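Q: Below are the structure tokens for one structure; questions will follow.
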Amino acid sequence: MGDNEKLIRKCQQKSRKAFEELYKKFSPFVYGICLRYAKNRDEAQDILQDCFIKLMDRIGDYRFEGSFEGWLQRMVVNESLNYLKVSKNSFSEIDEEDADAEDDSADIVSDITAKELIDIISKLPDGYRTIFNMYVVEGYQHTEIAEILNITESTSRSQLKKAREQLIFLIRKEYKER
């Protein structure tokens, strides 16, 4: 039995100490996911706390089929999406800004650190950021995104296209300010 399995089984038995250990071990992983969906770090912290409260209730549902990290990631993404829905996120009413992409965008991105890229992604409007994360980072297909967010598939596709354009615009802006 691996260390994670022992820890999870203790959590399923409602061990407070084991849950604190689980939190210490997995909170950076969960926080990273929350940051991708949140507008800012404070909101990511709120989502993080909601996720671990949900995890306390749901840890008994984990059946040791597949990786715990994959199961946890799915739960965190769902909780992040629920948080956005509750905060009245709109996926169809997002301001458009002109963002003309040029061929040197790949060179600019290669000069940006992961932290800087996450910060830039967090500046995207809610709908853009959510769909970008679901499609690019989490690997959802447009049909799945449409179903989960209760939008049309074409809305998902157009939001992703606009998110990419906006990202290039923001990266160029950030890069020029250096």
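The values are calculated or read from the model by the stated rules, or taken from the named source; none is laboratory data. None of the values given here were measured: they were computed from a predicted structure. Quick reminder, even Gly has a Cβ in these numbers, built from the backbone with ideal geometry, and neighbours come from all protein chains shown.
Q: Looking for whichever is part of a loop (DSSP other than H, G, I, E, B), modelled with pLDDT of 55 or more and basic (Lys, Arg) here; the options are Lys115, Lys88, Lys54. Which one fits?
A: Lys88
Q: Looking only at region 120-156, how many residues end up being closer than 30 Å to Lys176 by Cβ and part of a helix (DSSP H, G or I)?
A: Total satisfying the criteria: 14.
Q: Is it the case that Ser122 is at pLDDT below 90, within 19 Å of the chain's Cα centre (by Cα) and either within 18 Å of Val77 (Cα to Cα) or among the β-branched types (Val, Ile, Thr) (or both)?
A: In short, yes.
Q: Sticking with this structure for a sec: Considering only residues that are part of a helix (DSSP H, G or I), hydrophobic (A, V, I, L, M, F, W, C) and under 14 Å from Ser87 (Cα atoms), which ones fall in region 33-51?
A: Once the filter is applied, which keeps residues that are part of a helix (DSSP H, G or I), hydrophobic (A, V, I, L, M, F, W, C) and under 14 Å from Ser87 (Cα atoms), region 33-51 yields Ala44, Ile47.
Q: Oh, and also: For residues that are over 19 Å from Asp126 (Cα atoms) and either surrounded by fewer than 16 Cβ atoms within 10 Å (Cβ to Cβ) or over 20 Å from the mean Cα position of the chain (by Cα) (or both), tally how many sit in region 23-63.
A: 17
Residue-by-condition table, conditions (1) farther than 23 Å from Lys85 by Cβ; (2) touching a residue at least 60 places away in the same chain (Cβ under 8 Å); (3) surrounded by fewer than 17 Cβ atoms within 10 Å (Cβ to Cβ):
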site: Ile131; (1), (2), (3): no, no, no
site: Val137; (1), (2), (3): no, yes, yes
site: Thr143; (1), (2), (3): no, no, yes
site: Ala146; (1), (2), (3): no, no, no
site: Ile151; (1), (2), (3): no, yes, no
site: Glu165; (1), (2), (3): yes, yes, no
site: Lys173; (1), (2), (3): yes, no, yes
